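The values are calculated or read from the model by the stated rules, or taken from the named source; none is laboratory data. Owing to the predicted nature of the structure, the values given are computational and were not obtained by experimental measurement. Glycine also receives a Cβ, built like all others from the backbone with ideal geometry; neighbour counts cover every protein chain displayed. Areas reflect the complete protein model, heavy atoms only, side chains present, ligands, DNA and RNA absent. Shrake-Rupley method; radii C 1.70, N 1.55, O 1.52, S 1.80 Å.
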Amino acid sequence: MTTHLALGTYRCRAIPEAAARAAASGTRWIDTAPNYATGRAQTLLAPALAAHPSLRVSTKAGYFTAATGAEAVNAGALTQDQAAAGHSLAPDYVRWQLARNREQLGRDQLDLVLLHNPERAHPGDRPALHRTIRDAFTVLEEAVAAGHVTGYGIATWAGLEEEAFTVEELLDLAAEAAAGAEHHLVAVQMPVSLVMMTPIVQALQGRGPVPAAAGAGDGVGAAARR
């Protein structure tokens, strides 16, 4: 497995400057989300992405700000109740958010879209959660077929450690979403740090999500927050 250092924009205080510095230093990837920087992260990234077309960007669908929720309600992508939750993987919302991500980032095609903490959708109800993930994957497969997305995955804080889903189950759900064609689930992002060592300990024992994802040819993203 080859490792690369990427720029993460969560809690980044100077996104345009950080992105420009990262690009100049040879960084290949920038990770962002539509709810970062109080909803402005993607717009702030757009100039750097335009100046450096080779930069690849991963973004997300799931969490949204109150202002974005109101926009989605006005567009018919969310109900008022769904918007009040601040998180949704409903197909209409995911479809709407993908189009919004493309517009804000200034990219016709998104390199990678991650479902943001999917475990938030149905805590404690694995069957309902898995159906929700499969349906969101179906929307992402449609976006790949339309040329709007290259690949997709999940960004989870606790879903893998709490076994709300496993990498193997995610691969099965992606296969269902692809309806017999080759699926485009290509990445898993999870927390890894000096105080969150579970994925590394498991990998050293030859088990857990890191070897499972790597064995399936998926990229593994390590994320951490203070």
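Summary table
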read-out: Hits in the stretch 124-134 (condition: open to solvent by 60 Å² or more (accessible area, probe 1.4 Å) and in contact (Cβ under 8 Å) with a residue 12 or more places away in the chain); value: Arg126, Arg134
read-out: Residues satisfying the stated conditions in the stretch 125-139, i.e. of a type outside the set (Gly, Ala, Ser) and in a helix (DSSP H, G or I); value: Arg126, Pro127, Leu129, His130, Arg131, Thr132, Ile133, Arg134, Asp135, Phe137, Thr138, Val139
read-out: Test: Arg120 is out of contact with any helix residue (DSSP H, G or I) (no Cβ under 8 Å at 6 or more places or on another chain) and under 17 Å from Ala175 (Cβ atoms); value: no
read-out: Every pair of residues 6+ apart whose Cβ atoms lie under 8 Å, when the first sits in the stretch 177-191 and is over 14 Å from Val144 (Cα atoms) while the second is open to solvent by less than 60 Å² (accessible area, probe 1.4 Å) and among the polar types (S, T, N, Q); value: Ala187/Ser58; Val188/Thr156; Gln189/Ser58; Gln189/Thr156; Met190/Thr156
read-out: Subset of the stretch 140-179 [under 21 Å from Ala99 (Cα atoms) and assigned to a loop (DSSP other than H, G, I, E, B)]; value: Ala146, Gly147, His148
read-out: Which listed residue is at pLDDT 70 or above and either among the acidic types (Asp, Glu) or surrounded by fewer than 22 Cβ atoms within 10 Å (Cβ to Cβ) (or both), from Gly159, Gly219, Gly153, Gly147; value: Gly147
read-out: Any pair with Cβ under 6 angstrom, 6 or more apart, that starts in the stretch 60-80 at a residue that is β-branched (Val, Ile, Thr) and surrounded by 13 or more Cβ atoms within 10 Å (Cβ to Cβ) and ends at one that is at pLDDT 95 or above and not in a helix (DSSP H, G or I); value: Thr65/Asn35
read-out: Residue match in the stretch 23-38 (condition: of a type in the set (A, V, I, L, M), modelled with pLDDT under 95 and in contact with a Leu (Cβ under 8 Å, 6 or more places away or on another chain)); value: yes
